[in-house]
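Any read-out appearing in this document is the output of simple, stated calculations on the displayed coordinates, not a laboratory observation. Just so you know, these numbers come straight off a predicted model, no measurement behind them. Virtual Cβ from ideal backbone geometry, glycine too; neighbours counted across all protein chains shown.
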Amino acid sequence: MGYLWFSLSIFLCLSYFSVAEVVTCSGIVPMRYRNDKISITDFGGVGDGVTLNTKAFREAIYRIEHLKRRGGTLLYIPPGVYLTESFNLTSHMTLYLAKGAVIKATQDTRNWPLIAPLPSYGRGRELPGGRYSSFIHGDGIHDVVITGENGTIDGQGGVWWNMWRQRTLQFTRPNLIEFMNSKNIIISNVIFQNSPFWNIHPVYCSNVVVRYVTILAPYDSPNTDGVDPDSSSNVCIEDSYISTGDDLVAVKSGWDEYGIAYGRPSSGITIRRVRGSSPFAGIAIGSETSGGVENVLAEHINLYNMGVGIHIKTNIGRGGFIRNITVSDVYMEEVRRGIKIAGDVGDHPDDKYNQNALPVVKGITLKDIWGVQVQQAGVILGLKNSPFTGICLSNINLHGMTGSRSPPWKCSDISGAAHLVSPLQCSELSGAQQASTCSNYS
Ligand SMILES: *[C@@H]1O[C@H](CO)[C@@H](O)[C@H](O)[C@H]1NC(C)=O
Ligand SMILES: *[C@@H]1O[C@H](CO)[C@@H](O)[C@H](O)[C@H]1NC(C)=O
Ligand SMILES: *[C@@H]1O[C@H](CO)[C@@H](O)[C@H](O)[C@H]1NC(C)=O
């Protein structure tokens with residue numbers, strides 16, 4: 001009998017491990033293997049860290065764009081440091097960084113190209129008018145892979161951060177990588193460091209996979225968000241380490257009256273197995289959500305030394321909606337505030353925003369969240385004239401700084417349910433045993 005049980009359990013274990021596959025969303029973009037390969041050195045590229053390689057990058061990519069080899073072309077970057085000005089990618093290409101390859105942005109900010117503001121923002125995010133092009137840019141392209149053996153894309157953002165600190169910036173700082181109006185994009189096995197502004201910004205895109213990336217920027221570097229899916233659908237962010245000076249992942253969709261008019265939501269966003277630290281948020285939605293954000297799943301998130309663990313933020317004038325958001329299986333350590341959902345966060349593009357454009361926040365499920373050394377557990381503050389509904393909290397344990405006692409929660413202008421969360425100073429959330437009020441939304 002004992003032996004039988006033993007064999008049976010061994011069998012069950014083995015079959016469990018052989019069938020259990022790691023859950024992944026990366027299948028939304030099939031990996032492409034390219035037969036046609038070229039190297040940046042074929043175009044005069046020199047990886048000495050001094051030579052400016054702008055011409056080499058632009059010519060190599062021009063060649064890919066115009067020769068149109070069947071199945072696309074891989075551009076190989078061998079070990080070495082390749083200094084360059086910004087450049088545009090094209091369709092059907094793989095940018096492949098070998099181990100020890102570094103593509104480094106020039107520090108010459110004066111000749112950095114300017115591009116039009118995003119229509120959903122109406123102006124540059126930081127300053128009125130246009131904005132600097134991202135270091136690596138793609139507009140209206142598809143079937144693009146940036147990958148390799150964990151080579152580095154370095155934005156040398158220090159010069160930009162200093163201009164921001166000294167208030168000498170003329171236009172909005174460049175993102176490290178931006179894809180606009182593009183689809184079927186894979187970014188994997190690359191290290192991104194010292195971005196001037198946001199690191200990876202897919203905007204008006206669909207089917208984007210970001211996985212096995214490392215994103216690094218100093219804790220005090222301004223606005224160095226990790227990955228910001230913006231008015232984009234089907235975005236998969238997995239298995240990555242992000243440690244920057246701002247939100248690790250922030251889902252957005254345009255800014256006030258411009259975002260409302262453009263009306264393009266972010267939807268189908270999956271964030272899974274992401275780790276990191278930052279003085280701002282781990283998983284953020286907003287605050288620019290004027291085109292709407294829906295169907296977001298974030299799970300298996302590990303955060304330490306954080307400002308806010310999970311931050312859902314919007315404002316009066318934003319309009320739009322934030323709905324069907326699920327965040328689960330989060331571990332956080334040393335955080336100022338575990339969870340924040342609020343309708344009074346972020347600035348406005350100008351004074352033309354509509355005071356009556358209230359965001360609708362509905363169907364937010366936060367479950368299985370554990371935190372230690374959390375200064376303040378959570379605040380959920382809806383808007384008086386647009387209460388947040390379907391807020392569901394379940395199995396949340398956030399421990400205080402001194403011991404296992406949980407600091408209290410605060411809330412107002414919300415409705416929903418709470419189960420296994422304490423101490424919750426929130427009569428608005430009913431103590432639903434099976435949390436049935438939540439299942440309507442998630
Ligand atoms: C890069 O693309 C932008 C538009 O997205 C364009 O304005 C710019 O001229 C392009 N730069 C180069 C060097 O081709
Ligand atoms: C590159 O980094 C990823 C993520 O950290 C890791 O999973 C992978 O094994 C690394 N690959 C190589 C070739 O070093
Ligand atoms: C809610 O979002 C999840 C992804 O997190 C999605 O699978 C589900 O279909 C969405 N539900 C509705 C009603 O749209």
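Residue by residue, here is whether (1) under 24 Å from Val190 (Cβ atoms); (2) in contact with a helix residue (DSSP H, G or I) (Cβ under 7 Å, 6 or more places away or on another chain) holds:
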{"site": "Pro78", "(1), (2)": "yes, yes"}
{"site": "Thr90", "(1), (2)": "yes, yes"}
{"site": "Ala98", "(1), (2)": "yes, no"}
{"site": "Thr106", "(1), (2)": "yes, no"}
{"site": "Ile115", "(1), (2)": "yes, no"}
{"site": "Gly122", "(1), (2)": "no, yes"}
{"site": "Leu127", "(1), (2)": "no, no"}
{"site": "Gly130", "(1), (2)": "no, no"}
{"site": "Ser134", "(1), (2)": "yes, no"}
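For segment 32-84, give me each residue that is over 30 Å from the mean Cα position of the chain (by Cα) and assigned to a strand (DSSP E or B).
Asp36, Lys37, Ile38, Ser39, Asp48, Val50, Thr51, Leu52
Is there a residue in segment 125-134 that is of a type in the set (D, E, K, R) and more than 19 Å from the chain's Cα centre (by Cα)? Working first, answer last.
Start the filter on segment 125-134 by keeping residues that are of a type in the set (D, E, K, R), which leaves 125-126, 131.
Next, from what is left, pick out any that are more than 19 Å from the chain's Cα centre (by Cα): 131.
For segment 125-134, residues of a type in the set (D, E, K, R) and more than 19 Å from the chain's Cα centre (by Cα): present.
Spot the failing condition for Ser233; the list is (1) in contact with an Asp or Glu (Cβ under 9 Å, 6 or more places away or on another chain); (2) more than 21 Å from Ile191 (Cα to Cα), and only one is missed.
(1)
Return yes or no: is Thr84 among the β-branched types (Val, Ile, Thr) and either surrounded by 20 or more Cβ atoms within 10 Å (Cβ to Cβ) or over 14 Å from His137 (Cα atoms) (or both)?
Details: among the β-branched types (Val, Ile, Thr): yes; either surrounded by 20 or more Cβ atoms within 10 Å (Cβ to Cβ) or over 14 Å from His137 (Cα atoms) (or both): yes.
Here the answer is yes, as Thr84 does meet what is asked.
Show the residue pairs meeting these rules: Cβ distance below 6 Å; 6+ apart or different chains; first residue within segment 358-373 and farther than 18 Å from Leu429 by Cα; second residue of a type in the set (A, V, I, L, M) and assigned to a loop (DSSP other than H, G, I, E, B).
From segment 358-373, the pairs are Gln373/Met401.
Filter segment 133-153 for residues that are within 16 Å of ligand 1 (Cβ to nearest atom) and crowded, with 23+ Cβ neighbours inside 10 Å and give the result.
Start the filter on segment 133-153 by keeping residues that are within 16 Å of ligand 1 (Cβ to nearest atom), which leaves 133-142, 144.
Scanning segment 133-153 gives Ser134, Phe135, Ile136, Gly138, Val144.
Tell me, please, whether a residue that is closer than 19 Å to Asp42 by Cβ and crowded, with 23+ Cβ neighbours inside 10 Å can be found in segment 100-112.
Yes, because at least one residue in segment 100-112 is closer than 19 Å to Asp42 by Cβ and crowded, with 23+ Cβ neighbours inside 10 Å.
What number of residues within segment 246-259 are surrounded by 21 or more Cβ atoms within 10 Å (Cβ to Cβ), not small (Gly, Ala, Ser) and not in a strand (DSSP E or B)? Before you say what the answer is, go through the steps one by one.
At the first step, the residues of segment 246-259 found to be surrounded by 21 or more Cβ atoms within 10 Å (Cβ to Cβ) are 246-256, 258-259.
Checking which are not small (Gly, Ala, Ser) leaves us with 246-249, 251-252, 255-256, 258.
Cutting the leftovers down to not in a strand (DSSP E or B) gives us 246-248, 255-256, 258.
Looking only at that region, the number is 6.
Of the residues Gly245, Gly263, Gly286, only one is free of Cβ contacts under 8 Å to residues at least 60 places away in the same chain, closer than 19 Å to Asn354 by Cα and away from ligand 1 (no atom under 16 Å from the Cβ); which? Spell out the reasoning first.
Working: Gly245 fails: closer than 19 Å to Asn354 by Cα; Gly286 fails: free of Cβ contacts under 8 Å to residues at least 60 places away in the same chain.
Just a single option satisfies the conditions, and that option is Gly263.
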